[in-house]
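So the structure is just underneath, and the comments pick up after that.
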Amino acid sequence: MNSSFYYLWSNISISKLALSLFTMTMTLSIYKLSNSATLSPLVMFVYVIGKFFSSFVFPFISEKYPLQKILKRSMFLQIVILFAVYILLNKATIHSILFLIFLLIWIAGFVDGFSSPSRMALIPTTVTEYKLGRANSLISTTDQVFSLIGWSVGAVLLNRYGQLLILLVSIILLCISFITSIQIKANSITYSATKLKWATFKSGWTMLFNPRNNLRTITNMDILEGVASGIWIGGITLVFVKEVLNKGEQWWGFINTGYFIGSIAGGMLIMLFSHKVQTNPFRAIMIGSFFVSFLVFLYALNKIAVIAILLVILMGPFYQLRDIAQQVFIQKQLREESLAKLYAAKDNLYYLVFTFSVFITGLISDYFGVIFVYYFAGLLYLASSFYAYALFKRAKSVT
């Protein structure tokens, strides 16, 4: 792997840590400013809505500018926005600035929406095809490590040093991330603005549902698993811990930590066997999907807290196996300029599915009980594994 990949890897990891600290800081700040338990959870929601809207604009921008340039400008604007938030919080004593803070959070999410698909599309341009599996495993593992650090250590640092200092740390981390984005050198391609606007807008969606290269099957799996992922929404997990496991809130934290540990361990294992994953991504997707389904059913049936944590840890490697194999498959299928649009559409689809997931899991929990949310999710993961099996059989028949 060359230096550009390591700069890209650093950019992704450091930005992830900065975002975790920023989200925690803003949630606490909004709570202290408003004294409202309703407004503070809106921080992440407003940020995600910003990213959702940017995914509509990204295809047009990627038609005109290289991804390296988009990433650099996006990083720079994020630094400016966070610094503006820092200044506002220094002056904040009244409710009247809440709207302005939320507006800046929305803009920060909108700008970050240009970074995410750019980074993912740049991965195959910074490594050889042979090392795609290892590169994605490395990025996925450190992504989970920095998320764990951000959400666990961040809470301790906030209590000890206050939100202003931690927000300043977030800004410094983004500055370091911006410096790494300047160092990324990738294969250059020709960009043009000759496409019709509608053709540009729908290009990513067309690729997502293209039956000829199996991407439609992958997308259908994403939709099923995206709806099922609602089981890990904080409120659902907390209700499960209290009503099914009969434990306090601290076990909610233990289960979240267990998931991160499993994901980190899984990423490291897949890194060791990355060549096998890359050689047959269809088999890896099938195995990962099936065992996630199996473990979710066991999780739903279990009522012992310690076993629940062990099951969540076991899920991590299979989630990682499926996700990393999928990334490798997609990156081998498409060129950089197509990848960027596909990832933008993929992000857009994710936000839509996630919104539906929050609604449907909440509905099932309220009307049927939280345990049925996990049965429902297990069925969706099982359906996804059948899709994966079809993919595997199709691949075998071709070879």
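The values are calculated or read from the model by the stated rules, or taken from the named source; none is laboratory data. Source: prediction; values computed, not measured. Don't worry about glycine lacking a Cβ; one is built from the backbone with ideal geometry, like all the others, and counts go over all protein chains shown. Keep in mind that these areas ignore ligands, DNA and RNA; they rest on the heavy atoms of the full protein, side chains included. Shrake-Rupley method; radii C 1.70, N 1.55, O 1.52, S 1.80 Å.
One table, with the values for the structure above:
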read-out: Shape call, the range 214-269: gyration tensor on alpha carbons, a/c limit 1.5; value: oblate
read-out: For a label point 7 Å along the Cα-to-beta-carbon line of His275, residues of the range 96-139 with backbone N under 18 Å; value: 128-138
read-out: Cα-based convex hull, the chain, per residue volume (Å³, whole number); value: 140 Å³
read-out: Length gained when the stretch Leu238-Phe99 is fully extended (0.36 nm per residue, less Cα-Cα span); value: 47.1 nm
read-out: Hits among lysines - C-alpha to C-alpha of Lys393 under 18 Å, sequence gap 8 or more where chains match; value: Lys276
read-out: Projected label distance in nm at Phe386 and Ile172, using a 7 Å step from Cα toward the beta-carbon; value: 5.4 nm
read-out: Nitroxide proxy distance, nm - points 7 Å out along Cα→Cβ at Ser338 and Leu165; value: 5.2 nm
read-out: Ordering of 360-371, 114-125, 264-275 by packing [mean C-beta count within 10 Å, highest first]; value: 114-125, 264-275, 360-371
read-out: Options Tyr7, Leu77, Ser293, ranked by Cα towards positive dipole end of the chain, top entry (Cβ charges); value: Tyr7
read-out: Contour minus Cα-Cα distance for Lys64 and Asn90 (0.36 nm per residue); value: 5.5 nm
read-out: For the chain, built as a Gaussian network whose Cα springs stay under 10 Å, the top-fluctuating residue of Tyr259, Tyr343, Tyr31; value: Tyr31
read-out: In Hz, Karplus ³J(HN,Hα) per residue of the range 348-362 (6.51, -1.76, 1.60; θ = phi - 60°; x = Gly, Pro); value: 4, 4, 4, 5, 5, 5, 4, 4, 5, 4, 4, 5, 6, 5, x
read-out: Å² per residue, accessible surface of the chain at 1.4 Å; value: 46 Å²
read-out: Accessible surface, 1.4 Å probe, highest first, among residues Tyr7, Tyr350; value: Tyr350, Tyr7
read-out: Selection from Val353, Gln333, Val43 lying farthest towards where the dipole of the chain points positive, charges on Cβ; value: Gln333
read-out: FRET E, pair Val156, Ile223, Förster distance 22 Å, beta-carbon r, rounded to 0.05; value: 0.05
read-out: Carbon + sulfur, % of accessible area of the chain - ligands and nucleic acids excluded, 1.4 Å; value: 69 percent
read-out: GNM top mover of Val111, Val358, Val306 - the chain, alpha-carbon springs below 10 Å; value: Val306
read-out: Two-site FRET efficiency, Ile307 against Phe368, from Cβ-Cβ distance with R₀ of 22 Å, rounded to 0.05; value: 0.40
read-out: Kirkwood hydrodynamic radius (C-alpha pairs) into Stokes-Einstein, the range 27-171, 4 °C and 1.567 mPa s, D in µm²/s; value: 76 µm²/s
read-out: Peptides 47-60, 76-89, 316-329 ordered by average Cβ neighbours within 10 Å, highest first; value: 316-329, 47-60, 76-89
read-out: Restraint check, Lys32/Lys91; Lys16/Lys51; Lys131/Lys332; Lys69/Lys131; Lys51/Lys346, Cα-Cα greater than 19 Å; value: Lys69/Lys131
read-out: Theoretical gain in end-to-end length, Lys247 to Ser34 [0.36 nm per residue, Cα-Cα removed]; value: 73.6 nm
read-out: Part-to-part distance (alpha-carbon centres) for the range 236-309 and the range 331-350, which is given in Å; value: 27 Å
read-out: Computed over the range 251-384, Cα set: Rg, Dmax in Å; value: 16.3, 49
read-out: Cleavage-rule hits (trypsin sites (Lys or Arg not before Pro)) in the range 327-396: DSSP loop, at most 14 neighbouring Cβ within 10 angstrom; value: Arg335
